[in-house]
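**Student:** Provided herewith is a single structure, encoded as structure tokens, for subsequent inquiry.
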Protein chains: 2
Amino acid sequence: MEAKTPLHRPALDPATVTARTGTGYPTDEMRKAVAGRAKRALDDALGLTTFGVNLTRLEPGTASALRHWHLRQDEFVYVLAGELTLVTDEGEQVLGPGTCAGFPGGVPNGHHLVNRTSTFALYLEVGDRLPGDGAEYPDHDLRVRPTSAGWRYTRRDGRPYG
Amino acid sequence: MEAKTPLHRPALDPATVTARTGTGYPTDEMRKAVAGRAKRALDDALGLTTFGVNLTRLEPGTASALRHWHLRQDEFVYVLAGELTLVTDEGEQVLGPGTCAGFPGGVPNGHHLVNRTSTFALYLEVGDRLPGDGAEYPDHDLRVRPTSAGWRYTRRDGRPYG
């Protein structure tokens, strides 16, 4: 439903937020996995700083991320539209609208959402912004760590890509 | 849509989480304002600890809370169903499904959501769990502060109720 009159802060119509595509992943194969992902950063648009909130749309054949787990950050996702396959170490579950998932930080169980349907899917994702985070990618020779210049992706042994 | 097979952690069907009603507000008038509120704590059900997530249902005539602002906690709400009136110092805005609002901690602009329609409304609410929080209630002689025994509601000058 569209707002009857334009909303203004502290309210927000997410349609007014520019969607971000792209990723810092270091190889074409990795980038291709998330090529149909578009995130709207609701947190920044609302002035929120202590946790992150994205409204994310996944086109068919696209994943939310490479399968990963966070060293510290708790993550939450809530499916709004479409159908997403959640892949973890234990296998797969199909999540429809109104279902959710949560990933406590530090639990070494790689996860991601994949859109295996023929239409788009939409979900909210929330994560804390505590310091000391990073992520491991069990299906790839990849990890990410924070640096003073931002997130840095390397091979598991720390060697850089490219 | 219902899940085709029962979901298990890290996934969750919110319908399987028991809804909480009730409030710590100290007077009947205050409690009555939120009597038709039911919260499902998705955070606890998913093992998340660094931020809170509730799926909250408001019956007609019910408010999300007394109008308040947090000393420190950032808050986010996303409307899933129905229509909610957001009340702040600047007046009112009507939020429908797919719209959201955010309240940075420490901004002294009291807010709440009121269901003025004839059907229920449903929304997600997210808040951080940083220490040192508390809330002020500009429309009531009320404030709340954390204590070792939990949240304590008092009059603005600190005197207890009843």
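Since every read-out is calculated from the coordinates, none of them should be taken as a lab result. Remember, predicted model here, so these are calculated numbers, not experimental data. Using ideal geometry, Cβ is built from the backbone for each residue, glycine included, and neighbour counts are taken over all protein chains shown.
**Student:** What is the average number of partner chain Cβ atoms found within 10 Å of a Cβ in B:120-129?
**Tutor:** Working: counts 0, 0, 1, 0, 7, 0, 8, 2, 7, 4.
Mean shielding by partner chains, rounded to a whole number: 3.
**Student:** Of the peptides B:79-90, A:129-140, A:48-59, how do they stack up when ordered by the mean number of other Cβ atoms within 10 Å, highest first? Let's see the in-between values first.
**Tutor:** Working: B:79-90: 18.6, A:129-140: 15.3, A:48-59: 21.2.
Taking the mean over residues of other Cβ atoms within 10 Å, the ranking is A:48-59, B:79-90, A:129-140.
**Student:** While we're here: Rounded to the nearest 20 Debye, what is the dipole magnitude of chain B about its Cα centre when Lys and Arg each give +1 and Asp and Glu each give -1 at the C-beta?
**Tutor:** Numbers: 19 positive and 20 negative charges, 107 e Å.
So the magnitude is around 520 debye.
**Student:** Taking the Cα-to-Cβ direction at residue A:147 and at residue B:89 and moving 7 Å from each Cα, how far apart do the two end points lie in nm?
**Tutor:** Between residue A:147 and residue B:89, the simple spin-label model gives 4.3 nm.
**Student:** To continue, here is another question. Could you give the Stokes-Einstein D for the protein assembly as shown in µm² per second, using the C-alpha Kirkwood radius, 4 °C, 1.567 mPa s? Before the final figure, lay out each step's value.
**Tutor:** Numbers: Rh = 20.8 Å.
This corresponds to a translational diffusion coefficient of 62 µm²/s.
**Student:** With the contact rule set at Cα under 8 Å and sequence spacing of 6 or more, what percent relative contact order holds for chain A?
**Tutor:** Details: 365 pairs, mean separation 35.7, N = 162.
That works out to 22 percent.
**Student:** Once chain B is represented by equal point scatterers at the alpha-carbon sites, with solvent omitted, what log10 I(q)/I(0) does the Debye formula produce at q = 0.10, 0.14, 0.20 Å⁻¹?
**Tutor:** -0.38, -0.76, -1.51
**Student:** Here's something else I'd like to know. How shielded is A:5-17 by partner chains, expressed as the average number of their Cβ atoms within 10 Å of its Cβ atoms?
**Tutor:** Details: counts 2, 1, 8, 2, 8, 15, 13, 7, 5, 4, 2, 0, 1.
Partner-chain Cβ atoms within 10 Å, mean over residues of A:5-17: 5.
**Student:** Here is a follow-up. For a distance above 13 Å, tell me the whole-number percent of Cα pairs in region B:1-66 that qualify. Intermediate values should be presented prior to the final figure.
**Tutor:** Values: 1424 of 2145 pairs.
Beyond 13 Å sits 66 percent of the P(r) for region B:1-66.
**Student:** To continue, here is another question. Quick check for me: using +1 on Lys/Arg Cβ and -1 on Asp/Glu Cβ, what's the dipole size of the protein assembly as shown about its Cα centre, in debye to the nearest 20?
**Tutor:** Details: 38 positive and 40 negative charges, 74 e Å.
It works out to roughly 360 debye.
**Student:** List, shortest first and in nm to one decimal, how far the label point of residue B:156 (7 Å from Cα along Cα→Cβ) is from its counterparts in the other copies.
**Tutor:** Those separations, rounded to one decimal, come out as 6.0 nm.
**Student:** Another question, if that's okay. To the nearest 20 debye, what charge dipole does region B:1-97 have about its Cα centre, counting +1 at the Cβ of each Lys and Arg and -1 at the Cβ of each Asp and Glu? Intermediate results must be reported in sequence, preceding the final value.
**Tutor:** Details: 11 positive and 13 negative charges, 83 e Å.
Magnitude of the dipole: close to 400 debye.
**Student:** A further question on this structure: With unit charges on the beta carbons (Lys and Arg positive, Asp and Glu negative) and the dipole taken about the Cα centre of the protein assembly as shown, which residue among B:148, B:117, A:79 sits farthest to the positive side?
**Tutor:** The Cα lying farthest towards the positive end belongs to B:148.
**Student:** Note the direction-averaged projected area, equal to a quarter of the hull surface, for the Cα convex hull of region A:62-126, in nm². Provide the component values of the computation, followed by the final result.
**Tutor:** Working: hull surface 15.6 nm².
Spelled out: convex hull of the Cα atoms, projected over all directions, averaged, 3.9 nm².
**Student:** Okay, moving on. Order of A:109-116, A:148-155 by packing, highest average Cβ count within 10 Å first? It would help to have the intermediate numbers written out before the result.
**Tutor:** On the way: A:109-116: 19.6, A:148-155: 11.6.
The peptides rank, most packed first, as A:109-116, A:148-155.
**Student:** Explain nothing, just compute: Karplus ³J(HN,Hα) = 6.51 cos²θ - 1.76 cosθ + 1.60, θ = phi - 60°, for every residue of region A:44-52 in order, whole Hz, x for Gly and Pro.
**Tutor:** For region A:44-52, the Karplus-derived couplings read 4, 5, 9, x, 8, 10, 8, 8, x Hz, x marking Gly and Pro.
**Student:** In whole percent, what relative contact order does region A:55-145 give with Cα contacts below 8 Å and a gap of six or more residues?
**Tutor:** Numbers: 231 pairs, mean separation 38.7, N = 91.
This gives 43 percent for region A:55-145.
**Student:** Place the label 7 angstrom along Cα→C-beta at residue A:31 and in each other copy, then list the distances from the first to the rest in nm, shortest first.
**Tutor:** Its label point is 6.0 nm from the equivalent points in the other copies.
**Student:** Kindly give the distances from residue A:106 to its copy-mates, label point to label point, with each label point 7 Å from Cα along Cα→Cβ, as nm values to one decimal ordered shortest first.
**Tutor:** For residue A:106, the inter-copy label distances come out at 2.7 nm.
**Student:** How are the C-alpha pair distances of region A:32-79 spread across 5 Å bins, as whole percents from the shortest bin up?
**Tutor:** It works out to 5, 18, 21, 27, 20, 9, 1, in whole percents.
**Student:** Right, here's the next one. Step by step: find N for region B:90-151, compute 2.2 N^0.38 Å, then divide the Cα radius of gyration by it. What's the final number?
**Tutor:** Numbers: Rg = 14.3 Å, N = 62, 2.2 N^0.38 = 10.6 Å.
That works out to 1.36 for region B:90-151.
**Student:** Determine the calculated [θ] at 222 nm for the protein assembly as shown from helices alone, applying -39500 (n - 2.57) to every DSSP H run no shorter than 4 residues and normalising by the residue count; nearest 500 deg cm²/dmol.
**Tutor:** On the way: 4 runs with 22 residues, N = 324.
So the calculated ellipticity at 222 nm is -1500 deg cm²/dmol.
**Student:** For residue B:35 paired with residue B:136, estimate the spin-label separation in nm (one decimal), with each label point 7 Å from Cα along the Cα-to-Cβ line.
**Tutor:** With each label placed 7 Å out from Cα toward Cβ, I get 3.1 nm.
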